[in-house]
Amino acid sequence: MKKRIFSGMRPTGKLHLGHLVGALGNWVRLQDSYDCFYMVADWHAFMSEYEKPRGMAENSIEMVRDFVAAGIDPKKCVIFVQSQVPEHLELAMAFGCMTPLGWVERCPTYKEQLREIVGRDLTTYGFLGYPVLQAADIALYKASAVPVGVDQLPHLELTREIIRRFNGLYKKEVFPEPEPLLTKTAKLLGLDNRKMSKSYSNFIALSDSPEEIKKKVSQMITDPDRQKLADKGHPDICGVFSYFSTFGDDRIKSETRAWCEGAIIGCTECKKRLADILIDNLAPIRERRKKLSDAEIKDILTDGAKRAREVASKTMNEVKKLASFAA
Ligand code: TRP
């Protein structure tokens, strides 16, 4: 039997290269070796969008379209939307009852988000419980590993603590303690050298056309010391070069480095080469994306919710029994 993994992403609509490099690529690679559950975390999105929730359904569909276009096979993996499996909220309630306030108040991501996200009121009961719901997501499927980026490690640690508490209280190994499966690839910077993010508008979407990719790459920031063609460049501090490291093969990487350090080609030409590589890399995703209709995506999600609920309802029955509830 394959080991089970679980992961989720909040529905932000169309995904970008940062998602592909950071999480999605990993999800695709893992699907043959593990029994995979991949979830659209729409309740988690609602926690910060509740004031003006707009387009949650459309965003979920667009995101799943990118999942499938990027190579996640809905036959091998269970792809579903969190709000369509109500057991997530039930288990979150049970976990919430046994999670000490200090654990969630101390969570570093919680404190950071309160500090950094302005213009939204996140001082709510629901948002404090963000990691409790995440723990329920994972535990509901008894997943033994969770592919995530380092930013999610505090949530995973809390998940393990909550699970230990549950198992300890009821003296039964109901849930395994999940391990993180960290992505090894280096973080991809945005077009402006900040973190690639939807909110900074510095991203290349998986669905961008070749023209859009060319335009965006042409605006990227290169080595600031290289003003003229004759100036020798420093690839290690160049945002464009970091992309060659992620998307180019070894030959292209060493060639580009030599051309930059030797002032053989200029930044404009180098960017043209990068744009071509990205266009090639994304071509299969772009093509598959176009062919996936809304109806197909909805079918995938209907099937996914059904398969997820089969597992989730069994777990919830077990939990209710242990906690002495009526069946
Ligand atoms: N918190 C995760 C993020 O922002 C999304 C998420 C929700 C998740 N539930 C999960 C990730 C369970 C892994 C496992 O990216």
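Assorted remarks:
- The trypsin sites (Lys or Arg not before Pro) of the range 214-257 that meet both conditions, a loop assignment by DSSP and at most 13 other Cβ atoms within 10 Å of the site Cβ, are 228, 232.
- Percent antiparallel among DSSP beta bridges (both partners in the chain, rounded to 5): 10
- Neighbourhood net charge (15 Å Cβ-Cβ; Lys/Arg +1, Asp/Glu -1) for residue 51: +1
- Sites excluded, GluC sites (Glu not before Pro) in DSSP loops with at most 16 other C-beta within 10 Å, longest stretch of the chain: 174-327
- Neighbourhood charge, 12 Å Cβ-Cβ cut-off, centred on residue 142 and excluding it, Lys, Arg +1 and Asp, Glu -1: -2
- A DSSP coil position with no more than 11 other Cβ atoms inside 10 Å describes the following trypsin sites (Lys or Arg not before Pro) in the range 88-185: 171, 172, 184.
- Farthest toward positive dipole pole in the chain [+1 Lys/Arg, -1 Asp/Glu at C-beta], among 201, 220, 104: 104
- Among residues other than residue 120 with Cβ under 11 Å from its Cβ, the summed charge is -3 (Lys and Arg +1, Asp and Glu -1).
- For the range 7-57, chymotrypsin sites (Phe, Trp or Tyr not before Pro) meeting the loop criterion (DSSP other than H, G, I, E, B) and having at most 16 other Cβ atoms within 10 Å: 50.
- Partners for residue 291 among lysines (Cα-Cα distance below 27 Å; same-chain residues under 8 apart left out): 14, 75, 76, 198, 214, 215, 216, 306
- Remark: the range 161-307 carries a charge dipole of roughly 420 debye about the Cα centre, counting +1 on each Lys and Arg Cβ and -1 on each Asp and Glu Cβ.
Every read-out reported here was derived from the displayed coordinates using simple, explicitly stated rules and does not represent laboratory data. As the structure is a prediction and not an experimental result, all values here were calculated from the model. In this analysis, Cβ positions are derived from the backbone assuming ideal geometry, glycine residues included, and neighbour counts consider all displayed protein chains.
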